[in-house]
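Take a look at the structure below.
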Amino acid sequence: MSTIGVEKDPVNSLSATTVPEMEGDSGTMTPSGEGQGSLFERLGGLYGIAGAVDVLADRLYDNAPANRNPHVQAFHSEGGHAGFKFLVTAWSIEQTGGPQCYPGRDMRESHAHLSVSEFEFDIVAGEIAATLYHVGVPTLEHAEFMQIIERYRSMVVGPPEMTTHTVTDPPTPPAARG
């Protein structure tokens, strides 16, 4: 396989398109599209996915609304940032048609203790979408990846009685109070 675009650039390689090499192939092809390899390949393979997850994990750890969930905040404060990046990268590789390499628990089990609400799921999905735009994922691949994320909503979101901790509006900063 060859990658058209920036190779092994962890941030920009997602915008590259991976295509099979054929004898006499000039290596030119449209920037995205089904039938041109797996989503894994079209996202730039391991390097493309790892680069996007590197950006995404930092965005999630720094996202104040997502971290208002005390269970998520506790998870983030345990210092598992590098492990989180590894697990999300491996999960994404598998889900997009790459090699089976995810060693973690299933989504329901790994999120049960976090009591994630619909609102919090939407925050994370928004960060995923923004990250895909940020690293230059083409429209088709962006939509395809977001469909994968949406399929896991029911496994990640906790029952309503377990998600009452969520506040939909951020607290007013002291300086802004009258």
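The values are calculated or read from the model by the stated rules, or taken from the named source; none is laboratory data. Just so it is clear, the structure is predicted and the values come from calculations on it, not from any experiment. Using ideal geometry, Cβ is built from the backbone for each residue, glycine included, and neighbour counts are taken over all protein chains shown.
Annotations for the structure displayed:
- PHE84 vs. criteria out of contact with any Lys or Arg (no Cβ under 6 Å at 6 or more places or on another chain), closer than 16 Å to ALA52 by Cβ and at pLDDT below 95: yes
- The set of residues in the stretch 85-101 being assigned to a helix (DSSP H, G or I) and surrounded by fewer than 17 Cβ atoms within 10 Å (Cβ to Cβ) consists of GLU94 alone.
- Among the residues of the stretch 124-152, those identified as more than 12 Å from LEU56 (Cα to Cα) and in contact (Cβ under 8 Å) with a residue 24 or more places away in the chain are GLY136, VAL137, PRO138, THR139, LEU140, GLU141, GLU144, PHE145, ILE148, ILE149, GLU150, TYR152.
- Scanning the stretch 108-140 for residues being part of a helix (DSSP H, G or I), closer than 20 Å to LEU43 by Cβ and within 14 Å of the chain's Cα centre (by Cα) gives a total of 11.
- Cross-chain or 6+ apart pairs with Cβ under 8 Å, the stretch 41-69 first and within 16 Å of GLU141 (Cβ to Cβ) and free of Cβ contacts under 8 Å to residues at least 24 places away in the same chain, then surrounded by fewer than 21 Cβ atoms within 10 Å (Cβ to Cβ) and among the hydrophobic types (A, V, I, L, M, F, W, C): none
- Residues that are surrounded by 18 or more Cβ atoms within 10 Å (Cβ to Cβ) and more than 12 Å from the chain's Cα centre (by Cα) within the stretch 141-153 comprise just one, GLU141.
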